[in-house]
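The values are calculated or read from the model by the stated rules, or taken from the named source; none is laboratory data. Just so we're clear, the structure is a prediction, and the values are computed from it rather than from any experiment. Here the Cβ positions follow ideal geometry from the backbone for every residue, glycine too, while neighbour counts run over all protein chains shown. Ligands, DNA and RNA are stripped out before the accessible areas are found, and what is left, the full protein with its side chains, is counted by its heavy atoms. Shrake-Rupley method; radii C 1.70, N 1.55, O 1.52, S 1.80 Å.
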2 protein chains.
Amino acid sequence: MDTYLQAGLDALGDATRMAIFQKLAAGPLAVNQLASTLPVTRPAVSQHLKVLKEAGLVTDNRAGTRRLYRLNPEGVARLRAHFDQMWTQAMSAFQAAAETPESPVKVKGESHATDRRRSRRS
Amino acid sequence: MDTYLQAGLDALGDATRMAIFQKLAAGPLAVNQLASTLPVTRPAVSQHLKVLKEAGLVTDNRAGTRRLYRLNPEGVARLRAHFDQMWTQAMSAFQAAAETPESPVKVKGESHATDRRRSRRS
DNA sequence: CCTGTAGGTAAGTGTCCACTTACGGTAAGT
DNA sequence: ACTTACCGTAAGTGGACACTTACCTACAGG
């Protein structure tokens with residue numbers, strides 16, 4: 001898999017983080033400014049910003065007692081590139097399928113076990 | 001916010017669902033075929049496919065006793081369009097910021113309460 | 001009709017994570 | 001120095017949700 005893509009999806013997967021991302025798209029904002037327009041408390045916003053920062057999607061700099069957060073162009077561009085790659089890869093399947101008129105997909109035996117046990121993940 | 005975008009992010013936010021999506025990008029697959037290459041059981045795959053289907057990202061059709069799942073071009077294209085819109089919107093902020101040399105952002109009083117209580121969400 | 005394969009669904013459980021409150025720490029104003 | 005605004009972090013909790021097992025239905029072959 002693509003770890004960058006997964007990290008980006010994990011960062012934007014949460015609705016609140018997504019909302020923060022969208023608000024920062026309009027311009028730099030302080031933590032209180034973000035929290036005042038969101039249905040969560042300020043510490044929650046701080047934690048979300050930490051995640052977004054670790055994902056390379058935002059940067060911060062001090063402005064007096066406040067701390068202004070803004071989107072990180074490089075991180076956003078890189079994540080977008082990974083997404084674009086995924087879309088094109090997903091779309092290429094249709095073109096390939098459209099050119100071949102019919103593929104029977106005749107896999108007969110292949111996995112005859114019903115409800116096999118599996119290992120837990122991590 | 002954008003409900004479509006959020007639905008798509010919710011659908012692809014999970015790592016397993018993302019893996020299923022990626023595998024389906026290579027071509028149509030049955031449930032057992034997916035489950036055999038994933039670290040989860042078949043029912044789990046079925047549930048993920050249900051979510052992806054409700055999000056309009058995949059379609060299914062019967063093939064004998066099996067059921068073949070494939071990506072839905074329209075749903076994928078629509079989700080991609082929403083993503084593209086988000087990226088460009090996010091990028092437009094930098095251009096606007098680059099053209100204006102300095103904006104003081106002098107918001108003085110605006111929210112003077114510290115750690116205000118808020119309502120839970122849903 | 002019976003057996004075996006394929007898959008959807010119900011019900012239950014464990015874990016993660018998005019929140020909260022509480023606290024400490026820095027910068028500006030008086 | 002004292003106060004006040006702003007912010008990050010620690011610690012703890014509740015709920016969602018990604019899993020599991022168990023059960024039932026549908027199709028194909030003998």
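The table below gives the values:
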{"read-out": "Using a 7 Å Cα-to-Cβ projection, A:Gly64 label spacings across copies, nm, ascending", "value": "7.3"}
{"read-out": "Within 10 Å of each Cβ in A:88-94, the average number of Cβ atoms from other chains", "value": "6"}
{"read-out": "B:Leu38 long-range amide H proximity, modeled H, under 5 Å", "value": "none"}
{"read-out": "Solvent-accessible area buried by B and A, counting both chains, probe 1.4 angstrom, square angstrom", "value": "4500"}
{"read-out": "Amide hydrogen neighbours beyond the local backbone of B:Ala30, cut-off 5 Å, H modeled", "value": "B:Tyr69"}
{"read-out": "Across the identical copies, how the A:Ala77 labels are spaced - nm, sorted shortest first, 7 Å along Cα→Cβ", "value": "2.9"}
{"read-out": "Scattering curve values for the stretch B:3-74, log₁₀ I(q)/I(0), Debye with Cα scatterers, q = 0.14, 0.15, 0.27 Å⁻¹", "value": "-0.37, -0.43, -1.38"}
{"read-out": "Order of exposure, largest accessible area first, which applies to A:Thr88, A:Thr3 with probe 1.4 Å", "value": "A:Thr3, A:Thr88"}
{"read-out": "Ascending list, in nanometres, of distances separating the B:Gln22 label from those of the other copies (7 Å, Cα toward Cβ)", "value": "2.8"}
{"read-out": "For the axis carrying chain A to chain B: nearest C-beta residue of A, whole Å", "value": "A:Gly13, 2"}
{"read-out": "Alpha carbon centroid spacing (whole Å) that separates the stretch B:1-30 from the stretch A:1-40", "value": "20"}
